[in-house]
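Below is one structure, written out as structure tokens, with a few remarks after it.
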Amino acid sequence: VRRIVREEFCDVRNQIDDIVRNAVSKSSSSKGCTKEQVSEIVATYAEVTEKNQKKVMENVVETQKKALEEISAAQTAQEVVEKVARKVDADNVEREKRKSNVIVMNVPESKEKSGKERAEADMKFCFEELGMVKSDIVTHWRAGKKDINKPDFNRPLIVQLKSTECVNSFTNNGRGKRTDSGFWINRDLCAVDRAANFFARQQKRERMKSAETSP
């Protein structure tokens with residue numbers, strides 16, 4: 001911006017010098033300068049100076065406005081890119097943490113007071129209802145905290161398995177698997193993947209509904 005303003009002033013100064021020089025040369029070429037001629041030179045100089053000052057100021061304002069808009073747009077774009085990059089990184093970290101996990105909903109929680117006894121009850125459920133063996137399981141836990149205001153709510157059961165191959169086997173390659181007792185075993189997805197799956201299911205239902213109603 002400073003460079004452009006400097007160039008604008010240099011251009012205007014050169015124009016003014018040329019106009020004044022021509023006016024003086026024209027007047028001095030005669031035998032002498034009258035009062036009227038001097039007044040004309042001064043008036044011409046003042047008029048040219050005023051007009052070009054306005055021109056310079058308009059150019060400066062417009063240049064600064066464009067520069068600020070470009071800076072603002074660049075900063076906004078950079079902020080958006082950085083925000084998206086951070087979100088993608090966070091999603092990838094979360095996805096990596098969950099890649100060996102499966103989730104089972106509506107599994108009854110043990111009423112035992114001891115955490116150890118409740119964990120043993122969940123492990124027994126994995127063996128008897130999900131068909132898992134001890135060597136398949138790395139660890140398991142209940143998602144979230146127990147809400148004393150919702151005593152009948154069963155927190156999701158998360159089971160970390162030894163490998164992604166094991167996860168694929170128990171979830172029908174990610175499509176979900178229903179046990180004989182009616183429990184569904186699914187991959188433990190991060191929030192963005194759950195939203196994507198939900199959207200895909202909605203789209204599929206709408207296509208099927210549309211196909212049924214079309215002639």
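Structural remarks
- Extension gain, residue 139 back to residue 123 (0.36 nm per residue minus Cα-Cα distance, nm): 4.9 nm
- Which listed pairs, of 99/150; 66/87; 124/162, have C-alpha distances above 26 Å, in listed order: 99/150; 66/87
- Rounded FRET efficiency, nearest 0.05, which uses the C-beta distance separating residue 152 from residue 95 and R0 of 45 Å: 0.90
- Potential lengthening between residue 162 and residue 211 on full extension [0.36 nm per residue; Cα-Cα distance subtracted]: 13.4 nm
- Within the full protein context, the accessible area of residue 105 is estimated at about 90 Å² for a probe radius of 1.4 Å.
- Built amide H within the under 5 Å cut-off of residue 140, gap 5+: 160
- Residues whose placed amide H lies under 5 Å from that of residue 188, excluding near-sequence neighbours: 101, 102, 103
The values are calculated or read from the model by the stated rules, or taken from the named source; none is laboratory data. All figures in this text were calculated on a predicted structure; none of them were measured in a lab. Cβ atoms come from the backbone with ideal geometry, glycine included; neighbour counts cover every protein chain shown. Areas reflect the complete protein model, heavy atoms only, side chains present, ligands, DNA and RNA absent. Shrake-Rupley method; radii C 1.70, N 1.55, O 1.52, S 1.80 Å.
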